[in-house]
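The values are calculated or read from the model by the stated rules, or taken from the named source; none is laboratory data. Note that the coordinates shown come from a computational prediction; the quantities given were computed from them, not determined experimentally. Glycine gets a Cβ as well: all are built from the backbone with ideal geometry, and neighbour counts include every protein chain shown. Just so you know, the surface numbers come from the protein's heavy atoms only, side chains and all, with ligands and any DNA or RNA stripped out. Shrake-Rupley method; radii C 1.70, N 1.55, O 1.52, S 1.80 Å.
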Amino acid sequence: MRIASYNIRKAVGLDWRRDPLRIIRVLADLGADVVALQEADKRLGARPAVLPEASLYDMTGLRVLNVTNGPSSGWHGNALLVRDGWRVGTTERLSLPGIEPRGALLADLEGPGARLTLVGTHLGLRRGCRQLQLAHLLEELGPRTDRTVIAGDFNEWSPRIGFDILDHVFDVVSPGRSFHASRPVAPLDRFAVGRGLQVAGAGVFAEGEARRASDHLPVWVDLDL
């Protein structure tokens, strides 16, 4: 099973053009079973979705997990995309503490021979806020951490510190430097994988249009289920 995380910057590329189809082509090349997107909605008004759902499905086979009744793709800019064959159980929208509005989406998934809980999130800019947000996620997850993956833009520049709070239940996987897409210097995008799941591989996707579709490169992790 491949899980991807991608901060799409509202589909605005390094050429400052908003091009949703370019993002969708990158997602098609990734070939993930589920994807956690960040900055998937426009910022103003009702925060409408950036990616057209019909084109997304036609080109990638991924569907947006709808968790609101409005035009948004998700919650606080977070959206989850799921491939056919994966059944979606309980979903939750979580508001995270901190000095800026942040949130997370949680979904229980069951697919070919496997079940897991996926959390998509975009953590805050300050380390103190990120610690509060991770603590809140741990509290909300409760006993489910063993088969949970937290995917997203963790906003932590350090390759070594910042995730001690997760050490007792998660392995933090840093696929590599994913920001800035034009010259990657920071491993901002990561996964926290529960101890009941086995990681088979991970990486940063930097092929084709990925280098200009957003200011972040997508990252992926493969699980051996």
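See the values below:
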quantity: Cβ-derived FRET efficiency at R0 25 Å, residue 200 paired with residue 146, nearest 0.05; calculated: 0.90
quantity: GNM top mover of 117, 90, 148 - the chain, alpha-carbon springs below 10 Å; calculated: 90
quantity: Fraction of the pair-distance distribution of the chain above 27 Å, Cα-Cα pairs, percent; calculated: 24
quantity: Leading residue at positive end of dipole, region 72-225 (Cβ point charges), from 196, 176, 95; calculated: 176
quantity: Kyte-Doolittle mean at least -0.5 and Cα axial length at least 18 Å: DSSP H helices in the chain; calculated: 127-141
quantity: Carbon/sulfur fraction of accessible area - region 76-141, other protein chains in place, 1.4 Å, %; calculated: 49
quantity: Student exercise, the chain dipole from Lys, Arg, Asp, Glu Cβ charges, in Debye to nearest 20; calculated: 580
quantity: Electrostatic dipole magnitude of region 101-225 [Cβ: Lys, Arg +1; Asp, Glu -1; Cα centre; debye, to 20]; calculated: 420
quantity: Accessible surface, region 66-155, averaged per residue in Å² (probe 1.4 Å); calculated: 42
quantity: Solvent-accessible area, 1.4 Å probe, carbon plus sulfur percent, for region 163-216; calculated: 44
quantity: Set of region 148-183 residues, backbone N closer than 19 Å to the point 7 Å along the Cα-Cβ line of residue 100; calculated: 151-159, 162-163, 178-181
quantity: About the Cα centre, charge dipole magnitude for region 84-168 (Lys/Arg +1, Asp/Glu -1 at Cβ), debye; calculated: 140
quantity: Diffusion constant of region 169-225 at 20 °C, which comes from Stokes-Einstein with the Kirkwood Cα-pair radius and 1.002 mPa s, µm²/s; calculated: 181
